[in-house]
Each structure stands twice: as structure tokens, then as C-alpha cells.
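> Supplied in C-alpha cells, the structure appears directly below.
Read the figures in this text as sums done on the coordinates, not as results from a lab. If you're wondering where the values come from, they're calculated on a predicted model, not measured in any experiment. Positions of Cβ are generated from backbone atoms using ideal geometry, with glycine treated the same way; all protein chains shown enter the neighbour counts.
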Amino acid sequence: MKAEIHPRYQQAHVVCGSCHTTFTVGSTRSELRVDVCSNCHPFYTGKQTIVDTAGQVERFQKRLERSSRI
């Protein structure tokens with residue numbers, strides 16, 4: 001194997017863009033920025049927020065109600 005061809009593995013500080021949480025992981029970079037982390041992702045927190053775009057949620061719920069009546 002050739003010497004000095006692999007990147008240096010170091011501790012990296014990760015910063016979440018949504019909740020501004022910071023934690024440390026191992027990486028070849030010194031700093032990482034992520035959009036969503038496990039502290040604010042709905043899958044891990046169990047809190048789901050629905051972003052309504054032009055009433056799509058209401059239209060879906062109406063269709064769901066109509067189909068359950070049949």
C-alpha cells in the first residue's frame with residue numbers, strides 16, 4: 001500500500017440547520033452541516049408536522065371520508 005494517500009480521520013462537529021444541535025462524529029472533514037438530525041426529525045421525535053400546500057391535506061381528508069362511507 002502507498003503511504004500518505006488516505007485522508008486523515010478526525011473528530012468532526014456536526015451542526016443541524018433546523019434545531020441548531022451540535023454533536024461530534026468521526027469523519028474526514030472537520031465540520032459537517034446537516035438539514036435535519038435525529039433530535040428534530042419526525043421519525044425519531046414522534047411529532048409529525050403537516051405542511052399544508054394549497055389545501056391538499058383537506059382535499060385528501062375529504063376523499064378519505066367519502067371512501068370510508070361507502
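> For a quick check of your reading of the filter: which GluC sites (Glu not before Pro) in the chain sit in a DSSP loop and have no more than 13 other Cβ atoms within 10 Å?
The qualifying sites are 4.
> Arrange 64, 32 by Cβ neighbour counts within 10 Å, fewest through most, would you?
64, 32
> For the chain, take the longest principal axis of its alpha carbons; what is the angle in degrees between that and the long axis of helix 56-69, to the nearest 10 within 0 to 90?
50 degrees
> For a quick check: with amide H placed at 1.01 Å from N, whose amide H comes under 5 Å from residue 32's, ignoring anything fewer than 5 positions away on the same chain?
Under 5 Å from the amide H of residue 32 lie the amide H atoms of 13, 14, 15, each far enough along the sequence or on another chain.
> Same structure again: With unit charges on the beta carbons (Lys and Arg positive, Asp and Glu negative) and the dipole taken about the Cα centre of the chain, which residue among 55, 36, 15 sits farthest to the positive side?
Toward the positive end, the furthest listed residue is 55.
> If you don't mind, there's one more thing I want to ask. Beyond 14 Å, what share of the Cα-Cα pairs of the chain remains, rounded to the nearest whole percent?
Every Cα pair in the chain considered, those over 14 Å come to 74 percent.
> Follow-up question, since we're still on this one. What is the magnitude of the charge dipole of the chain about its Cα centre, with +1 placed on the Cβ of each Lys and Arg, -1 on the Cβ of each Asp and Glu, and no other charges, expressed in debye to the nearest 20?
My answer is approximately 300 debye.
> If the elastic network links every pair of Cα atoms under 10 Å, which of 48, 56, 11 fluctuates the most in the Gaussian network model of the chain?
For the chain, modelled as a Gaussian network with Cα springs under 10 Å, the answer is 56.
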